[in-house]
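This report concerns only the one structure given below.
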Amino acid sequence: MWVAGGGEASRIFGSTPNPAREWGMPDPKSVLAERLQVGFDRLEPGADPVLRASDRADFQANGALALAKRLGRSPREVAEAVVAQVDVADLCDLVEVSGPGFINLTLSAPFLASQLSAMAVDGRLGVEQAVEPQRVVVDYSGPNVAKEMHVGHLRSTVIGDSICRILDFVGHQVIRENHVGDWGTPFGMLIEHLIDLGEGAVEELSVGDLDAFYRQARESFDTDQTFRERSRRRVVLLQSGDEETLALWRILVAESVRHYDAVYEKLGVLLTDDDIVGESFYNPMLAGVVEDLRGTGLLEESDGAQCVFPPGFENRNGEPLPLIVQKSDEGYGYAATDLAAVRDRVERLGASRILYVVGSPQSQHLQMVFAVAHMAGWLPEGVDAVHVAFGSVLGPDNKMFKSRSGESVKLDALLDEAVERAATAMAERESDMQAVDRAAAARTLGIGAVKYADLSTERHRDYVFDWDRMLAFEGNTGPYLQYAHARIRSIFRRGNVTAPDPAVPVTLVDPDERSLVLQLLGFGEAVAASLQATSPSKLSAYLFDLASVFTSFYENCPVLRAPDDETRRSRLVLSDLSARVLAVGLGLLGIGAPERM
RNA sequence: GCCCCAGUAGCUCAGUGGAUAGAGCACCGGCCUCCGGAGCCGGGUGCGCAGGUUCAAGUCCUGCCUGGGGCGCCA
């Protein structure tokens, strides 16, 4: 299959007229918006056409209603005036003022066909590059050393991964940061426990039961006073950079990282060791954070702790709420680390945007960190710090998802179960696939199902984890989209045809062909909307719609047995493009699209 | 007590201030000798409550109700 960037496309297809050049980007909505803007500008410069998808036509412009009020004219009159000023004869079959003053626009088949060709020829499938690429730091996943990743890490990891992929695709420079919990008071107890276990402990750790190790350390800490005292001293040694202690600490970190890597690989996310910028990284900067805050006069002592009181935050008694940067025992809290991280990301990394893909419970903490960073001048105007918050994963009982024994569900085991269940579901139907291919497809399906269930729900909401629903082959699920993709691919395989030259003109006669084209052309807008809202669920919804629209098309418009060659080629182009959009779109969600399943 | 998030169909969820609020699942009824039936077409109920802003409110504002979460030295 031919794939290339837009530049190469115009070189290769330079001999044929390139419609994209004539009308700008493939997305018909932006072309229309540009034209309408001219008409609105005549009546009031800068007036918003308020162009929306419509159920009465392809698009409707609602801007006349708002404008009428300001101009003191009737809405219909304004709409008529706009229509009179606008030339869309080359784009639309029908432009009519309707109801109180809506402008309904129905696109012409030649325009749609032409835009579709431009999209099909474009390696980016009509998705626009960012006009001003930004350097974006994305903080996500954030597991803890010496603890296994559990279902609580799922959303951050999966949503963050998708956001990174979308940002990158649109042309931003993405810096992934995995803010792992690799520092702090628990390490005294963990290191002492490691010492107690002796040499064999490393063996035991590498077997993978990190949680048991943590639990044992915790138990000693809670029940053994000597151990507790040793742990306290060990923390001091760690903080002061004692080499022997650091060596033990590194063992814990290394084993934990091996564990993350295994989970990330299973999950199929972009994170690697290179993306780990743990809390320990900021340790050397913490004293400077406190000093500089003191220098700006923001620091206040309260109950022995060094605090900043950002305005607008109160505790339960209506008193100012502190962000504690240095505790009364002179240790640094996570607020200090978070402030150091903001500073580092702005000053060293040159971020113009920092996304925190972190659960909503930390909302207030992050707002306070942002506020203090602003006050200290570490978060200057022009740099956005955004909390990309998400809700919790709930179990079938609508409460926090826990295993039967009440523990958090281990991510590794959960992913294995997903693959097993996918394999079982696949086994229930016939397949001529080889066992190895089936196993690979089961992995893609199972993991994709888990990720899609997470990504397709609006991220602020809690969502209910339900195996049967997420693995269903019907409805808004990962497997359904993967199936839609595989079925399209099978057209080419069974028909023994290759995808036609994307420049082959399409003919739009059947309403289902038209609907499909309109849907395909909305891909760029869907990606943009997803990015705008930092919400992969928008893209998920688009892909589900696409799969549904394609299914209707496929039902009513024979492809391989089309009535004539021209129609056949045209429908092959539509099918191929649909599959490409599904594959690329799923790819942006971090989900694979198997050729067959 | 204060703050944040959520509340839309029986269930799970969409819904960028615009016309008659949509999908999927489940349920019922049709269709198709079907290029992968994991299909297509049809069938009906709903914006937590009460005010307000607006030409127009599921969407914005205020109050209340319900659920979840957070609220000084854990991260």
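The table for this structure:
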| read-out | value |
| --- | --- |
| A:GLU219-A:ALA254 FRET efficiency (beta carbon distance; Förster radius 22 Å; 0.05 resolution) | 0.40 |
| For chain A, calculated [θ]222 nm from helices alone, where every DSSP H run of n ≥ 4 adds -39500 (n - 2.57) | -17000 deg cm²/dmol |
| In nm, spacing of pseudo-spin labels at A:SER328 and A:ASP303 (7 Å Cα→C-beta vector) | 0.7 nm |
| Cα-Cα P(r), segment A:411-588, percent of pairs per 5 Å interval | 1, 8, 16, 18, 18, 15, 12, 7, 3, 1, 0 |
| Segment A:292-386, accessible surface, carbon-and-sulfur percent (1.4 angstrom probe) | 45 percent |
| Long-range amide H partners of A:HIS150 with built H, under 5 Å | A:LEU411 |
| Protein accessible area in segment A:186-271, 1.4 Å probe - carbon and sulfur % | 51 percent |
| Accessible-area ranking of A:SER240, A:SER162, A:SER54, largest first, probe 1.4 Å | A:SER240, A:SER54, A:SER162 |
| J(HN,Hα) series, segment A:301-316, from Karplus relation 6.51 cos²θ - 1.76 cosθ + 1.60, nearest Hz, glycine and proline x | 8, 9, 6, x, 9, 8, 10, 10, 10, x, x, x, 10, 10, 8, 5 |
| Per residue value of the accessible surface for segment A:186-271 (all protein chains in place, 1.4 Å probe), Å² | 52 Å² |
| Degrees separating the helix A:28-43 axis from the principal Cα axis of chain A, which is the longest one | 80 degrees |
| Helix A:225-239 vs. chain A, principal-axis angle (Cα, 0 to 90°, nearest 10) | 60 degrees |
| Gained length - A:GLU77 relative to A:ARG469, 0.36 nm times residue gap less alpha-carbon distance | 136.0 nm |
| Inter-label distance for A:SER405 and A:GLU96, nm, one decimal - labels placed 7 Å from Cα along Cα-to-Cβ | 6.8 nm |
| For A:ASP462, residues with placed amide H under 5 Å, excluding near neighbours | A:SER392 |
| Burial ranking of peptide ranges A:248-255, A:92-99, A:138-145 (average Cβ count within 10 Å, highest at the top) | A:138-145, A:248-255, A:92-99 |
| Difference of contour (0.36 nm per residue) and Cα-Cα distance, A:GLU319 to A:ASP196 | 39.7 nm |
| Computed over chain A: relative contact order in percent, which uses C-alpha pairs under 8 Å that are six or more apart | 15 percent |
| Long-range amide H partners of A:LYS402 with built H, under 5 Å | A:GLY395 |
| Solvent-accessible area, 1.4 Å probe, carbon plus sulfur percent, for segment A:38-116 | 51 percent |
| Förster radius 35 Å - calculated FRET efficiency between A:GLU458 and A:ALA435, Cβ distance, rounded to 0.05 | 0.35 |
| Accessible area in the full protein assembly, largest first, 1.4 Å probe, for A:PHE221, A:PHE492 | A:PHE221, A:PHE492 |
| Prolate/oblate/rounded label for chain A (Cα gyration tensor, a/c 1.5) | oblate |
| Using a Förster distance of 35 Å, the FRET efficiency for A:SER240-A:ALA212 (Cβ separation, nearest 0.05) | 0.75 |
| Point-charge dipole on Cβ atoms (K/R +1, D/E -1) for segment A:422-465, about Cα centre, debye to 20 | 160 debye |
| Dipole magnitude of chain A, debye to nearest 20 (Cβ charges: Lys/Arg +1, Asp/Glu -1, about Cα centre) | 1320 debye |
| Unsatisfied cross-links (Cα-Cα over 18 Å) in the set A:LYS399/A:LYS538; A:LYS29/A:LYS69; A:LYS266/A:LYS410; A:LYS266/A:LYS402; A:LYS147/A:LYS451 | A:LYS399/A:LYS538; A:LYS29/A:LYS69; A:LYS266/A:LYS402; A:LYS147/A:LYS451 |
| Spatial separation of Cα centroids for segment A:245-298 and segment A:528-597, in angstrom | 41 Å |
| Hz values of 3J(HN,Hα) by residue in segment A:341-350 - Karplus curve (6.51, -1.76, 1.60), Gly and Pro given as x | 5, 4, 4, 4, 5, 7, 7, 7, 8, x |
| Residues of segment A:421-492: accessible area per residue with a 1.4 Å probe, Å² | 45 Å² |
| Length added when fully stretched, A:ARG52-A:THR498, from 0.36 nm per residue minus Cα-Cα | 156.9 nm |
| Centre separation in Å (Cα based) which lies between segment A:300-325 and segment A:178-227 | 33 Å |
| Peptides ranked, highest mean first, by Cβ atoms within 10 Å: ranges A:364-371, A:332-339, A:375-382 | A:332-339, A:364-371, A:375-382 |
| Mean-position separation - Cα centroids, segment A:104-153 and segment A:401-462, in angstrom | 24 Å |
| On Cα atoms only, tilt of A:565-588 relative to the major axis of chain A in degrees | 20 degrees |
| Protection proxy ranking, peptides A:260-271, A:175-186, average beta carbon neighbours within 10 Å, highest first | A:175-186, A:260-271 |
| In Å², nearest 10: area of A:ARG215 left accessible to a 1.4 Å probe | 130 Å² |
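The values are calculated or read from the model by the stated rules, or taken from the named source; none is laboratory data. Model, not experiment: these values are computed from the prediction. A quick note on method: Cβ atoms are made from the backbone with ideal geometry, for glycine too, and the neighbour counts reach across all protein chains shown. These accessible areas exclude ligands, DNA and RNA; they are computed on the full protein's heavy atoms, side chains included. Shrake-Rupley method; radii C 1.70, N 1.55, O 1.52, S 1.80 Å.
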